[in-house]
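Let me begin by presenting the structure, written as structure tokens, before commenting on it.
The values are calculated or read from the model by the stated rules, or taken from the named source; none is laboratory data. Predicted model only: the values in this text are computed from it and were never measured. Ideal geometry is used to build each Cβ from the backbone, glycine not excepted, and the neighbour counts take in all protein chains shown. What goes into the accessible areas is simple: the full protein's heavy atoms, side chains included, and nothing from ligands, DNA or RNA. Shrake-Rupley method; radii C 1.70, N 1.55, O 1.52, S 1.80 Å.
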Amino acid sequence: QVIDELEERMSEGGVIVDYHGCDFFPERWFHIVFVLRTENSCLYDRLESRGYTGKKLQDNIQCEIFQTLYEEAVLSYKKEIVHQLPSNTPEDLERNLEQIMQWIEQWMKDNN
């Protein structure tokens with residue numbers, strides 16, 4: 001149902017999808033995939049400050065340790081469109097936004 005709901009919007013292009021997984025999204029929807037990565041000590045503190053405890057905290061840390069989302073992305077899409085970006089600090093956020101904007105600008109120049 002999610003795919004059906006998004007299909008028309010995605011076919012128009014120019015859409016950014018922010019989701020914690022990718023195994024059910026069609027490959028045709030994406031020109032590039034960014035996977036945000038966080039060092040475990042940063043992630044633990046971040047999740048704990050959000051009130052994560054017990055199994056939910058443990059599952060999220062294990063997911064990062066085992067690169068679950070990155071591996072899922074590489075298996076779901078062409079490896080050359082999947083990129084990892086650090087997401088530990090506010091400075092990382094700024095750099096990531098800049099890098100993504102540069103990629104969008106270059107893609108638009110190359111494809112329009």
* To do: Could you please find all residues in the range 79-112 being of a type in the set (Lys, Arg) and either under 15 Å from residue 34 (Cα atoms) or in contact with a Pro (Cβ under 9 Å, 6 or more places away or on another chain) (or both)?
  => 79, 95
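Quick check on this structure: which one of 106, 84, 99 is open to solvent by less than 100 Å² (accessible area, probe 1.4 Å) and within 29 Å of residue 1 (Cα to Cα)? Break it down stepwise before answering.
Details: 106 fails: within 29 Å of residue 1 (Cα to Cα); 99 fails: within 29 Å of residue 1 (Cα to Cα).
84 is the lone residue from the list that is open to solvent by less than 100 Å² (accessible area, probe 1.4 Å) and within 29 Å of residue 1 (Cα to Cα).
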* To do: Those residues that are modelled with pLDDT under 90 and among the hydrophobic types (A, V, I, L, M, F, W, C), I need them from the range 1-14; list them, please.
  => 2
* Which numbered condition residue 22 fails, given (1) within 14 Å of the chain's Cα centre (by Cα); (2) of a type outside the set (Lys, Arg); (3) at pLDDT 95 or above -> (3)
* All positions within the range 68-88 that are touching a residue at least 24 places away in the same chain (Cβ under 8 Å) and of a type in the set (S, T, N, Q) -> 76, 84, 87, 88
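Go through the range 16-29 and report how many residues are open to solvent by 60 Å² or more (accessible area, probe 1.4 Å) and either under 22 Å from residue 97 (Cβ atoms) or not in a helix (DSSP H, G or I) (or both).
Keep residues of the range 16-29 that are open to solvent by 60 Å² or more (accessible area, probe 1.4 Å), which gives 16, 18-20, 23-24, 27-28.
Next, from what is left, pick out any that are either under 22 Å from residue 97 (Cβ atoms) or not in a helix (DSSP H, G or I) (or both): 16, 18-20, 23-24.
So the answer is 6.
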* To do: For the range 45-66, indicate whether the set of residues that are open to solvent by 50 Å² or more (accessible area, probe 1.4 Å), hydrophobic (A, V, I, L, M, F, W, C), modelled with pLDDT of 95 or more and assigned to a helix (DSSP H, G or I) is non-empty.
  => yes
* Per-region count, the range 30-44, residues assigned to a loop (DSSP other than H, G, I, E, B) and over 20 Å from residue 111 (Cα atoms) -> 2
* **Pairs, first in contact (Cβ under 8 Å) with a residue 60 or more places away in the chain in the range 27-43, second in a loop (DSSP other than H, G, I, E, B) and open to solvent by less than 40 Å² (accessible area, probe 1.4 Å), C-beta under 6 Å, six or more apart** => 36/87
